[in-house]
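Working notes, structure below.
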Amino acid sequence: MTRLDIFINRMVSQRACLDHAIAATAQLPGPVFELGLGNGRTYHHIAHHVTGRDVFVFERAVASHPDSTPPEGQLILGDVRDTLPEALTRFGPTVSLIHADLGGHSLEKNDAFARMISPLVEPLLAPGGLMVSSDRMYFDALEEQPLPDDAVPGRVFIYKK
Ligand SMILES: C[S@@+](CC[C@H](N)C(=O)[O-])C[C@H]1O[C@@H](n2cnc3c(N)ncnc32)[C@H](O)[C@@H]1O
């Protein structure tokens, strides 16, 4: 499999899982969190398709496409290791959907980081809430969910509270 194949599989899987998770959580009132803005492609997709819920974006350094930059009040700047605990104080366990795409090129580093932030993410979800992640997460009580048909196993993961 080439890097292009892997990239395409990741993009197709992200879109399939986000579309599935946005629809599956539509009845929950709590906010949606995007962890890792990057270029802003997945944020743009989420902001376009989520209605009636606030979308907050967590990013340490904004470098997104101008069309995909969240408004100031919806941007939570800083390292997620600091901002996720702060968000728990602010929002409590109310979040309907969390999407995380925080990784870089090293699978080993991505896995270590996913282990580190799993306990920071888990308490934020509302009952019935979903997390869509580009990396396998290490949760105590959230259950891994089957992927929608278009997603490629191993490229994205879905968890439910
Ligand atoms: C792969 S990019 C996200 C791409 C995005 N999903 C898109 O569609 O354009 C990862 C982003 O996560 C951010 N990030 C990585 N580690 C972080 C951390 N500890 N705290 C906050 N942001 C972080 C990086 O700055 C980068 O912008």
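Miscellaneous remarks
- Among the residues of segment 23-37, none qualifies, meaning not one is open to solvent by less than 20 Å² (accessible area, probe 1.4 Å) and within 15 Å of A151 (Cα to Cα).
- Cross-chain or 6+ apart pairs with Cβ under 9 Å, segment 65-88 first and under 16 Å from D54 (Cβ atoms), then open to solvent by less than 70 Å² (accessible area, probe 1.4 Å) and among the acidic types (D, E): P70/E34; P70/E59; L75/E59; I76/E59
- Considering segment 143-160, and only residues there that are free of Cβ contacts under 8 Å to residues at least 40 places away in the same chain and in a loop (DSSP other than H, G, I, E, B), the residue that is surrounded by the most Cβ atoms within 10 Å (Cβ to Cβ) turns out to be Q145.
- Where a residue in segment 36-56 is more than 15 Å from E72 (Cα to Cα) and its partner, wherever it lies, is in a loop (DSSP other than H, G, I, E, B) and within 13 Å of the ligand (Cβ to nearest atom), with Cβ under 7 Å and at least six apart: G36/D101; G36/L102; G38/S64; G38/D101; N39/S64; N39/H65; T42/D101
- For segment 112-133, the criterion of being over 20 Å from L88 (Cα atoms) and in contact (Cβ under 8 Å) with a residue 24 or more places away in the chain is satisfied by no residue at all.
- Answer from G40, G103 - the residue that is at pLDDT below 95, buried (at least 16 other Cβ atoms within 10 Å of the Cβ) and closer than 19 Å to C17 by Cα: G103
- Of all the residues in segment 88-101, those that are within 12 Å of the ligand (Cβ to nearest atom), over 11 Å from M137 (Cβ atoms) and either touching a strand residue (DSSP E or B) at 6+ places or on another chain (Cβ under 6 Å) or not in a loop (DSSP other than H, G, I, E, B) (or both) number 1.
- The residues in segment 119-142 that are in a strand (DSSP E or B) and farther than 15 Å from S96 by Cα can be counted, and the count is 0.
- Segment 1-41, subset in a loop (DSSP other than H, G, I, E, B) and within 13 Å of the ligand (Cβ to nearest atom), residue farthest from P127 (Cα to Cα): N39
- If you go through segment 53-74 and pick out every residue that is open to solvent by less than 40 Å² (accessible area, probe 1.4 Å) and either touching a helix residue (DSSP H, G or I) at 6+ places or on another chain (Cβ under 6 Å) or away from the ligand (no atom under 11 Å from the Cβ) (or both), you end up with 7.
- Unique residue being open to solvent by 20 Å² or more (accessible area, probe 1.4 Å), within 9 Å of the ligand (Cβ to nearest atom) and in a helix (DSSP H, G or I) when the list is D82, D111: D82
The values are calculated or read from the model by the stated rules, or taken from the named source; none is laboratory data. Predicted, not measured: the structure shown is a model, and the values here were computed from it. Neighbour counts are summed over all protein chains in view; Cβ atoms, including those assigned to glycine, are modelled from backbone coordinates with ideal geometry. To get the accessible areas, we keep the full protein, side chains included, count just its heavy atoms, and leave off ligands, DNA and RNA. Shrake-Rupley method; radii C 1.70, N 1.55, O 1.52, S 1.80 Å.
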